[in-house]
Amino acid sequence: MTLDALRSKKGFTLIEIMVVIIIIGVLAAYIAPKVIGRADDAKVSQAKAQMEGIETALKMFKLDNGFYPTTEQGLQALVIKPESGRLPKNWKKGGYLDKAKVPTDPWGMEFVYLCPGVHGDFDIYSYGSDGVEGGEDYDQDLGNWDME
């Protein structure tokens, strides 16, 4: 083989490789923040959907028994028949929630339940991604009273 034939079979030059790496880096810098933010949005949507499901179960509990579980009885009253406080007479066998357990919020924390609530008959809320009261953006509290 001639020297020219060998030169034409070479791979990419260092400059060509660097240009490709820079292009990939620019694309990643532009796309990554948009994709990463979607996970947080999905968790907020999931928390709202879970609260709506719990709200529905609480309303079914009230239809059967004439009252909502007390704060002390908590959301556990939807899966285990309360044995203290005001006792439900028509508690549905098997409970009011699927899978016979109270779901945790998408961040792994328990939902807070108050009855009577500050904003209505009952309040259900999550402390958000930071797990403490208050906060902004994805750390802010989510409540059943301000769902869209």
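Coordinate-derived values only; no laboratory data. These numbers were taken from a predicted model, which means no experiment stands behind them. Backbone-built Cβ (ideal geometry, glycine too); neighbour counts: all protein chains shown.
Note down the magnitude of the dipole of the chain about its Cα centre, charges +1 on Lys and Arg C-beta and -1 on Asp and Glu C-beta and zero elsewhere, to the nearest 20 debye. Provide the component values of the computation, followed by the final result.
Working: 16 positive and 22 negative charges, 187 e Å.
Around 900 debye, computed over the chain.
Distance cut-off 21 Å, Cα to Cα: go down the list Lys48/Lys101; Lys43/Lys93; Lys48/Lys81 and report the pairs above it.
Details: Lys48/Lys101 18 Å; Lys43/Lys93 31 Å; Lys48/Lys81 25 Å.
Over 21 Å apart, Cα to Cα: Lys43/Lys93; Lys48/Lys81.
Per residue of segment 86-98, in order, report the coupling 6.51 cos²θ - 1.76 cosθ + 1.60 (Karplus, θ = phi - 60°) as ³J(HN,Hα) in whole Hz, putting x for Gly and Pro.
6, 8, x, 8, 10, 4, 6, 4, x, x, 10, 10, 4
Please compute the contact order of the chain in relative form: average sequence separation of alpha-carbon pairs under 8 Å and at least six residues apart, divided by the residue count, as a percent.
Over the chain, the number comes to 18 percent.
Between the helical axis of 14-65 and the dominant principal axis of the chain, each derived from Cα atoms, what acute angle in degrees is found, rounded to the nearest 10?
Computed tilt is about 10 degrees.
Return the label of the correct value of Cα Rg over 2.2 N^0.38 Å, as calculated from the structure shown, out of (1) 1.84; (2) 1.13; (3) 0.98.
Here Cα Rg over 2.2 N^0.38 Å agrees with entry (1).
Report, in deg cm²/dmol and to the nearest 500, the calculated mean residue ellipticity at 222 nm for the chain, where each DSSP H run with n ≥ 4 adds -39500 (n - 2.57) and the sum is divided by the residue count.
Working: 2 runs with 58 residues, N = 148.
Only helices count here, giving -14000 deg cm²/dmol.
Once you list every other residue whose beta carbon is under 11 Å from the beta carbon of Asn90, what net charge do they have if Lys and Arg are +1 and Asp and Glu are -1?
+4
Among Glu83, Glu52, which comes first, then next, by fewest other beta-carbon atoms within 10 Å? Write out the running numbers ahead of the final one.
Numbers: Glu83 8, Glu52 13.
Placing the least packed residue first, the sequence is Glu83, Glu52.
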